[in-house]
Amino acid sequence: MSITSDLLRGHTDTIILRLLLNRDSYGYEINKYISEKTDGAYELKEATLYSAFRRLEENGSISSYWGDETTGARRRYYSITRQGRAVYEQNKTDWEEAKTILDELIKEG
């Protein structure tokens, strides 16, 4: 579904921020959730996901820390910041406005 991927790609940051509103998480868990939620129709490439994490951390929307797992590989967890919550809310508002405009432009009649 390249069209879906193209449409969603510009919203990767917003999707990640939304998922982090609920609780801290790590890359594999976030990607698994996205895949499950979309019945496999959309998956982030690992490079895309970690580029988004880097970008969000650099702009202060998220912070990260290492988990304290006693078995298996150590996980880097991500947490949304106050600024990230504000960015998410603005992005959500922008999306709703864009969706309204697109609906008007492409509906029949």
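List of remarks:
- Failed item, numbered, when PHE53 is tested on (1) of a type in the set (Phe, Trp, Tyr); (2) over 12 Å from the mean Cα position of the chain (by Cα); (3) more than 16 Å from LEU7 (Cβ to Cβ): (2)
- When the stretch 69-82 is limited to residues that are outside any strand (DSSP E or B) and surrounded by 14 or more Cβ atoms within 10 Å (Cβ to Cβ), the one that is modelled with the lowest pLDDT turns out to be ARG75.
- Subset of the stretch 78-102 (residues that are in contact with a strand residue (DSSP E or B) (Cβ under 8 Å, 6 or more places away or on another chain), small (Gly, Ala, Ser) and more than 13 Å from ASN59 (Cα to Cα)): SER79
- Residues (basic (Lys, Arg) and surrounded by 12 or more Cβ atoms within 10 Å (Cβ to Cβ)) located in the stretch 16-53: ARG18, LYS32, LYS37
- Counting only helices (runs of 4 or more DSSP H) that sit wholly inside the stretch 1-68, those with at least 2 residues that are modelled with pLDDT of 90 or more, touching a helix residue (DSSP H, G or I) at 6+ places or on another chain (Cβ under 8 Å) and closer than 26 Å to LYS99 by Cα are 12-22, 27-37, 46-58.
The values are calculated or read from the model by the stated rules, or taken from the named source; none is laboratory data. As the structure is a computational prediction, the values presented were derived from the model and not from experiment. All Cβ positions, even for glycine, are placed from backbone atoms using ideal geometry, and neighbour counts span all protein chains on display.
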